Amino acid sequence: MNSVSNQLEFSSLTGTEFEEAIYGANNAARLAAPSLKYYHPWPPFGPKVERWVFVATLPGEVPSVRVPIGMLELQSSPYAQDEVWLMYVSVTPAYQRLGISRRLLQELASHLRGKGKLLVRSRPAISSPPMFQAFIDQVLTEARIAWRQGDRCSGVI
């Protein structure tokens, strides 16, 4: 973990900044294209919603390009101004259980704190263990972030 943690970088980017970091102007990419579960590139003329991407990276083979090993994506709701949607949290299997998801969720909490937004979580993926859902509940509740997932909610106002 020490060698990994010493090289880890966490970034918070808007959707536009994230796409530019991957595809870059004049091929000046700063991030390798993610190959994480649940991530999919947005079409260039996709929905006009705000997006934020919280990403954990390690150095790549090319020194100026970092490799995403963990990501969390957030999107504004196109239906309610006071809601944001947690799209996914994903960490490369080789780097799971090192605290990366916790740090990404803490970055999310820091981003949302004081904005008066309700974090809406979709139903968990079938492959997502209940233990991970409980972990997300705990981190968000400890950070006092109001969230809802189906008929479950944080109780934080």
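Which one of these is of a type in the set (S, T, N, Q) and in contact with a helix residue (DSSP H, G or I) (Cβ under 8 Å, 6 or more places away or on another chain): 122, 154?
It is 154.
Using the structure shown, decide if residue 98 is assigned to a loop (DSSP other than H, G, I, E, B) and either within 15 Å of residue 154 (Cβ to Cβ) or at pLDDT 85 or above (or both).
Against the criterion (assigned to a loop (DSSP other than H, G, I, E, B) and either within 15 Å of residue 154 (Cβ to Cβ) or at pLDDT 85 or above (or both)), residue 98 qualifies.
Restricting to region 52-65, give me the number of residues that are at pLDDT below 90 and either in a strand (DSSP E or B) or of a type in the set (Phe, Trp, Tyr) (or both).
Here the count works out to 1.
Between 49, 91, which is closer than 25 Å to residue 147 by Cα and modelled with pLDDT under 90?
49
So how many residues does region 114-157 have that are assigned to a helix (DSSP H, G or I) and closer than 15 Å to residue 89 by Cα?
Qualifying residue count for the region: 11.
So, residue 85, is that one surrounded by 14 or more Cβ atoms within 10 Å (Cβ to Cβ) and over 25 Å from residue 8 (Cα atoms) or not?
Answer is yes for this residue.
Taking residue 94, is it within 24 Å of residue 35 (Cβ to Cβ), surrounded by fewer than 12 Cβ atoms within 10 Å (Cβ to Cβ) and of a type in the set (A, V, I, L, M, F, W, C)?
Considered against the rule, which asks whether it is within 24 Å of residue 35 (Cβ to Cβ), surrounded by fewer than 12 Cβ atoms within 10 Å (Cβ to Cβ) and of a type in the set (A, V, I, L, M, F, W, C), residue 94 comes out as yes.
Within region 95-113, can you find the residues that are within 20 Å of residue 67 (Cβ to Cβ) and of a type in the set (A, V, I, L, M)?
98, 100, 104
Only one of 144, 152, 97 is more than 17 Å from the chain's Cα centre (by Cα), on the phi > 0 side of the Ramachandran plot and not aromatic (Phe, Trp, Tyr). Can you tell me which?
None of the other options fit; the residue is 144.
Do we find a residue being of a type in the set (Lys, Arg), farther than 20 Å from residue 23 by Cα and surrounded by 12 or more Cβ atoms within 10 Å (Cβ to Cβ) anywhere in region 114-125?
The answer is yes; a qualifying residue exists.
List pairs: first in region 80-94 and more than 10 Å from residue 70 (Cα to Cα), second of a type in the set (Val, Ile, Thr), Cβ under 6 Å, 6+ apart or cross-chain?
Filtered contacts from region 80-94: 83/120; 85/120.
Under 7 Å between Cβ atoms, which residue pairs at least 6 apart in sequence (or on different chains) link something in region 1-27 that is farther than 12 Å from residue 53 by Cα with a partner that is modelled with pLDDT of 85 or more and of a type in the set (Lys, Arg)?
Short answer, once both residue conditions are applied: 9/66.
I'm told residue 36 meets every condition in (1) surrounded by fewer than 12 Cβ atoms within 10 Å (Cβ to Cβ); (2) at pLDDT below 90 except one. Can you identify the failing condition by its number?
Failing condition for residue 36: (1).
The values are calculated or read from the model by the stated rules, or taken from the named source; none is laboratory data. The model shown is predicted, which means the values in this text are computed figures rather than measured ones. In this analysis, Cβ positions are derived from the backbone assuming ideal geometry, glycine residues included, and neighbour counts consider all displayed protein chains.
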